[in-house]
Amino acid sequence: MPDTNKNFLLEEVFNVKGKVALITGGGSGIGLMATQALAVNGAKVYIVGRTEEKLENVVKAHGQNIAGEIIPITADVTSKDEIARLVKEIESRERYLCILINNAGIAGNTQQTEAKTAEEMKKNLFDDDSSTLDDWVNTYRTNVPQLFFMTMAFLPLLQKATEHQHGYSGTVINISSISGIVQSSQHHFGYNASKAAAIHLTKMLASEIAGNGLKIRVNSIAPGVFPSEMTAGGESGSDQKSHIDKDKYAKVPARRPGKDQDMAGAVLFCAANQYLNGQTVAVDGGYILQV
Ligand SMILES: NC(=O)c1ccc[n+]([C@@H]2O[C@H](COP(=O)([O-])OP(=O)(O)OC[C@H]3O[C@@H](n4cnc5c(N)ncnc54)[C@H](OP(=O)(O)O)[C@@H]3O)[C@@H](O)[C@H]2O)c1
């Protein structure tokens with residue numbers, strides 16, 4: 001093959017072999033898809049979650065006979081102390097961190113938003129027991145500050161990835177959502193507001209980090225509907241995979257929920273493309289075209 005063609009090979013364009021990654025919420029749903037996308041293609045992936053059993057299940061079901069590695073670490077990433085402990089743990093094992101995926105997230109409560117009168121709308125969204133300030137704050141705490149504190153805590157290890165690898169920059173991928181882009185509340189105002197904040201936070205982080213002369217790319221993936229514990233009513237199998245019926249999402253232009261491969265393509269693109277920075281990539285089967 002002529003040398004001029006080599007740069008176009010898939011294993012060059014999407015090369016993640018030997019990269020060190022950390023994925024919060026890697027024990028189920030989208031985080032697990034990201035974990036498999038990287039580990040199957042040769043990356044060493046640390047998965048972080050609060051439930052040890054979920055993480056161990058992932059290692060058992062998906063961590064054998066692959067080019068890379070999946071390593072579980074239990075931690076709650078809404079606590080600064082826990083984040084600091086995570087950094088120490090990775091520092092003790094690795095020279096640098098190439099890919100940080102801030103994926104852990106929670107949905108919070110839902111409310112009925114449809115109403116025929118102002119009184120009814122107030123009843124649904126103010127009087128209802130599920131509508132609390134604590135619910136907004138808890139959702140925000142996991143979905144927004146976590147991205148900020150994880151990124152700041154891992155900055156030195158991410159910058160070291162840039163310094164130690166020619167032509168490669170350490171990278172952060174925040175898993176936001178199309179919920180932060182659409183105008184509808186989708187029955188959870190607090191969640192959608194938190195995801196809009198995550199998208200803006202991605203841009204601010206990319207801008208401030210670049211402004212300080214550091215070479216670390218920060219992007220976000222905004223998924224549409226993918227099977228996960230969040231979207232399948234808390235359910236996943238012994239392999240930590242979830243299922244949602246295709247019919248439920250027949251209105252999406254793709255006429256189905258997202259698949260593993262759809263998320264894998266997005267994760268590999270954001271992880272490997274050295275010219276992508278400050279962006280949000282929506283992977284939603286056309287969901288936002290119709291809202
Ligand atoms: N699935 C979708 O359709 C969809 C669409 C758009 C965006 N998203 C976003 O995708 C991300 C992943 O969600 P998912 O849908 O894949 O749901 P999921 O299956 O519930 O995954 C969330 C993961 O995050 C972990 N987690 C939650 N809080 C944590 C904490 N404080 N510390 C550490 N780990 C924590 C959970 O494990 P533990 O409970 O064991 O900690 C769980 O494995 C979220 O940010 C979500 O908002 C999902």
#### Entry: Segments 244-254, 193-203 sorted - mean Cβ within 10 Å per residue, highest first
193-203, 244-254
### Cross-link partners of Lys203 among lysines (Cα-Cα below 28 Å; sequence separation of 8 or more within a chain)
Lys17, Lys19, Lys44, Lys80, Lys88, Lys160, Lys195, Lys215, Lys259
### Task
Beta carbons within 10 angstrom, averaged per residue: use that to sort the peptides 8-20, 67-79, 29-41, highest first.
29-41, 67-79, 8-20
### Query
Based solely on its DSSP helices, what 222 nm [θ] is calculated for the chain when runs of n ≥ 4 H residues each add -39,500 (n - 2.57) and the sum is averaged over all residues, nearest 500 deg cm²/dmol?
-12500 deg cm²/dmol
### Query
When only Cα pairs under 8 Å and 6 or more residues apart are kept, what is the percent relative contact order across the stretch 10-290?
20
### Task
Quick one: which residues, 5 or more positions from Ile70 or on another chain, have an amide H under 5 Å from its amide H? H modelled 1.01 Å from N in the peptide plane, none for Pro or chain starts.
Val45
#### Entry: 5 angstrom amide H check on Ser220, placed H, neighbours 5+ away
Asn174, Gln279, Thr280, Val281
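Which of the helices in the chain meet the span-like rule: DSSP H, Cα axial reach of 27 Å or more, Kyte-Doolittle mean at least -0.5? Don't jump to the answer; show the numbers that get you there.
Numbers: long enough: 145-164 (29 Å, 0.44); 189-211 (33 Å, 0.42).
Once both thresholds are applied, what remains is 145-164, 189-211.
Let me know the charge dipole size of the chain about its Cα centre in debye, to the nearest 20, where only the beta-carbon of Lys, Arg (+1) and Asp, Glu (-1) is charged. Spell out each step's value before the answer.
On the way: 28 positive and 31 negative charges, 153 e Å.
That gives a dipole near 740 debye.
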### Task
Specify which residue in the list Ser92, Gly29, Gly49 is farthest towards the positive end of the charge dipole of the stretch 10-290, using unit charges on the beta carbon of Lys, Arg (+1) and Asp, Glu (-1), about the Cα centre.
Ser92
### Summary
Non-local residues with an amide H under 5 Å from the amide H of Leu22, with H modelled 1.01 Å from N and Pro and chain starts lacking one, are Tyr46, Ile99, Leu100, Ile101
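Rounded to the nearest 0.05, what FRET efficiency is calculated for Leu289 and Lys246 with R0 set to 30 Å and r the Cβ-Cβ distance?
On the way: r = 19 Å, r/R0 = 0.63.
FRET efficiency, Leu289 to Lys246: 0.95.
Å³ per residue of the Cα convex hull, for the chain? Each step should come with its number before you reach the end.
Details: hull volume 43.1 nm³, N = 291.
Looking at the chain, the number lands at 148 Å³ per residue.
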### Query
If you rank Ser238, Ser28, Ser131 by fewest surrounding Cβ atoms within 10 Å, what's the result?
Ser238, Ser131, Ser28
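Laboratory data are not the source of any read-out in this text; all were calculated from the coordinates shown. Just so it is clear, the structure is predicted and the values come from calculations on it, not from any experiment. Here the Cβ is made from the backbone with ideal geometry for all residues, glycine too, and neighbour counts use every protein chain on show.
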